[in-house]
Amino acid sequence: MGRLLDISQRLDHQTAGWPGDTPFTYSLAWTKAESGSVNVGKFTMSTHIGTHIDAPYHFDNEGKRVIDLDPQLYVGVARVIHLHDCRTIGIGSFAGVDLEGVTRLLVRTGAWPDRSAFPKQIPPVEPELAAYLAAKGVRLLGLDLPSVDPLDSKELLAHHALTEHGVHILEGIVLDHIDAGDYELIALPLPLTEADGSPVRAVLRELT
């Protein structure tokens, strides 16, 4: 079997989250000295910090929660492509890119080089791309960005369009060290029954 390549952000006090959202913190609730046997930690964090998936409930009060999502979408063959210096991610971005038979598409933009700081702007997904990807058979779109929409968007048109066309969303992956090509993706969300999103430990396995 091929080696595993970690494409997850580290979670610590330096992890950059959305401005004003719950930052990541970790502390010990019990220490070994206090309990006599174990250290037991606790952490707080936003469901949308670091590498995470969005559930439709994130932007639709009637949308599916994390527990309702098909876990099989987050495990399987994925194609990594590189889009350099793009202002937006639209249909034209994929001219000449073969997406036939691709179920999981991971896009490296390189637009968030310093993950200790939240970006000031990103290349957003154009809503029209959703129907195009769905027609090709794509059901999961992953980006090395904190969102598929402009950072100041309130309408979240790309989020809605992708969901309407059955394309699920994986955000905040780290593809700096990943060559374009096909891999096996493993990025399972936690079985959170009420949540609007979930952190994931995303890895790619090299295909042999």
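The values are calculated or read from the model by the stated rules, or taken from the named source; none is laboratory data. Keep in mind it's a predicted model, so treat the numbers as computed, not measured. Don't worry about glycine lacking a Cβ; one is built from the backbone with ideal geometry, like all the others, and counts go over all protein chains shown.
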Quickly run through the range 115-128 and pick out the residues that are closer than 19 Å to His82 by Cβ and in a loop (DSSP other than H, G, I, E, B). Arg115, Pro119, Ile122, Pro123, Pro124, Glu126
Top-ranked residue of the range 25-65 - restricted to ones that are under 17 Å from the mean Cα position of the chain (by Cα), hydrophobic (A, V, I, L, M, F, W, C) and within 30 Å of Arg205 (Cα to Cα), ranked as surrounded by the fewest Cβ atoms within 10 Å (Cβ to Cβ): Met45
On the given criteria, is His13 out of contact with any Ser or Thr (no Cβ under 7 Å at 6 or more places or on another chain), exposed (fewer than 13 other Cβ atoms within 10 Å of the Cβ) and within 27 Å of Ile178 (Cα to Cα)? no
On the basis of being out of contact with any Asp or Glu (no Cβ under 8 Å at 6 or more places or on another chain), within 19 Å of Pro150 (Cβ to Cβ) and either surrounded by fewer than 18 Cβ atoms within 10 Å (Cβ to Cβ) or modelled with pLDDT of 95 or more (or both), does Leu105 make the cut? no
Among (1) exposed (fewer than 15 other Cβ atoms within 10 Å of the Cβ); (2) modelled with pLDDT of 95 or more; (3) under 28 Å from Pro19 (Cβ atoms), where does Asp85 come up short? (2)
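I'd like the full set of residues that are under 14 Å from Leu143 (Cα atoms) and either without any contact (Cβ under 8 Å) to a residue 60 or more places away in the chain or aromatic (Phe, Trp, Tyr) (or both), limited to the range 76-86.
Leu83, His84, Cys86
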List the pairs whose first member sits in the range 54-65 and is in contact (Cβ under 8 Å) with a residue 60 or more places away in the chain, whose second member is surrounded by 16 or more Cβ atoms within 10 Å (Cβ to Cβ) and of a type in the set (S, T, N, Q), and whose Cβ atoms are under 6 Å apart, counting only residues at least 6 apart or on separate chains? Pro56/Thr163
For the range 84-107, the count of residues that are within 21 Å of Ala161 (Cα to Cα) and out of contact with any Gly (no Cβ under 8 Å at 6 or more places or on another chain) equals 10
Quick check: anything in the range 122-131 among the acidic types (Asp, Glu) and crowded, with 20+ Cβ neighbours inside 10 Å? no
Determine, yes or no, whether Ile169 is touching a Gly at 6+ places or on another chain (Cβ under 9 Å), aliphatic (A, V, I, L, M) and either closer than 23 Å to Met45 by Cβ or in a loop (DSSP other than H, G, I, E, B) (or both). yes
Could you run through the range 148-166 and say how many residues are farther than 13 Å from Val125 by Cα, touching a residue at least 24 places away in the same chain (Cβ under 8 Å) and in a loop (DSSP other than H, G, I, E, B)? 2
Show the residue pairs that are 6+ apart or on different chains and have beta-carbon atoms under 6 Å apart, the first residue being within the range 127-147 and touching a residue at least 40 places away in the same chain (Cβ under 8 Å) and closer than 17 Å to Thr109 by Cβ, the second being surrounded by fewer than 17 Cβ atoms within 10 Å (Cβ to Cβ) and of a type in the set (A, V, I, L, M, F, W, C). Leu129/Ile91
